[in-house]
Amino acid sequence: MSTDDQLIAVARAAREHAHAPFSKFRVGAALRAKSGRIFSGCNIENASYGLTLCAERVAIFKALSEGERPHEFEAIAILTDSDALTPPCGACRQIIWEFCGDVPVILANLQGKIERERSLNLLPRPFDSSHL
Ligand code: THU
């Protein structure tokens, strides 16, 4: 199994834990750190909708809270059940850039469709600490 396929499999399993009673849109994510560890995430919605957490951010924050360091990540996968593959939302693009830098973002669905995109292509001319 390729490393991409492995990441997609972890995202698929994480999607099973999605808490999405409002949108019914279940998302799984998986993040591979340079250490070799893989961190999963799923979306977690809230009745106060704005408090919802996307799967990508859950995976990234889990990794950081478990001791992984910023910019020590290799790739992130995002998996949904939609025909048109799901790219990360704007907030997640910012977080991916901040903590992962320019990494491959693997978009996948349950039917086996896969696309690879770089995070810098998803967020051109990003704002970050270099502007402060
Ligand atoms: N969502 C994610 O978890 N990741 C994305 O990349 C897109 C959107 C979630 C947030 C919300 O729970 C649901 O999908 C619908 O927006």
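The values are calculated or read from the model by the stated rules, or taken from the named source; none is laboratory data. Keep in mind the model is a prediction, meaning the values are calculated, not measured. Counting neighbours? That spans all protein chains shown, and the Cβs are built from the backbone with ideal geometry, glycine included.
Identify, by number, the condition in (1) under 14 Å from Ile8 (Cα atoms); (2) out of contact with any Lys or Arg (no Cβ under 7 Å at 6 or more places or on another chain) that Ala91 doesn't meet.
(1)
Is it fair to say Glu68 is within 8 Å of the ligand (Cβ to nearest atom) and either surrounded by 15 or more Cβ atoms within 10 Å (Cβ to Cβ) or on the phi > 0 side of the Ramachandran plot (or both)?
no
Please determine, by comparing only the residues of the range 114-132 that are touching a helix residue (DSSP H, G or I) at 6+ places or on another chain (Cβ under 9 Å) and of a type in the set (A, V, I, L, M), which one is nearest to Pro87 (Cα to Cα).
Leu122
Would you mind listing the strands (runs of 3 or more DSSP E) fully within the range 45-121 where at least 1 residues are touching a Ser or Thr at 6+ places or on another chain (Cβ under 7 Å) and more than 14 Å from Arg26 (Cα to Cα)?
Filter on the range 45-121 gives 104-109.
Please list, ordered by first then second residue, the pairs with beta carbon atoms under 6 Å, 6 or more apart or interchain, first in the range 1-22 and closer than 10 Å to Ile38 by Cβ, second among the basic types (Lys, Arg).
Close Cβ pairs (under 6 Å, with a partner that is among the basic types (Lys, Arg)) amount to Leu7/Arg32.
Can you tell me which residue is nearest to Ala75 (Cα to Cα) among those in the range 108-132 that are among the polar types (S, T, N, Q) and surrounded by 12 or more Cβ atoms within 10 Å (Cβ to Cβ)?
It comes out as Ser119.
For the structure I just gave you, tell me whether Pro21 is in a loop (DSSP other than H, G, I, E, B) and surrounded by 20 or more Cβ atoms within 10 Å (Cβ to Cβ).
Spelling it out, it is not the case that Pro21 is in a loop (DSSP other than H, G, I, E, B) and surrounded by 20 or more Cβ atoms within 10 Å (Cβ to Cβ).
Which members of the range 45-79 meet the condition of being under 9 Å from the mean Cα position of the chain (by Cα) and free of Cβ contacts under 8 Å to residues at least 40 places away in the same chain?
Cys54, Arg57, Val58
Can you pull out the residues in the range 24-40 that are assigned to a loop (DSSP other than H, G, I, E, B) and within 16 Å of Phe61 (Cβ to Cβ)?
Val27, Arg37
For (1) aliphatic (A, V, I, L, M); (2) in contact with a strand residue (DSSP E or B) (Cβ under 6 Å, 6 or more places away or on another chain); (3) modelled with pLDDT of 95 or more; (4) under 29 Å from Phe22 (Cα atoms), each residue gets a yes or a no:
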| position | (1), (2), (3), (4) |
| --- | --- |
| Gly67 | no, no, yes, no |
| Asp81 | no, no, yes, yes |
| Ala84 | yes, no, yes, yes |
| Ile95 | yes, no, yes, yes |
| Gly112 | no, no, yes, yes |
| Pro126 | no, no, yes, no |
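Among the residues of the range 7-44, what is the count of those that are over 11 Å from the mean Cα position of the chain (by Cα), under 21 Å from Ala84 (Cα atoms) and away from the ligand (no atom under 12 Å from the Cβ)?
The qualifying residues number 5.
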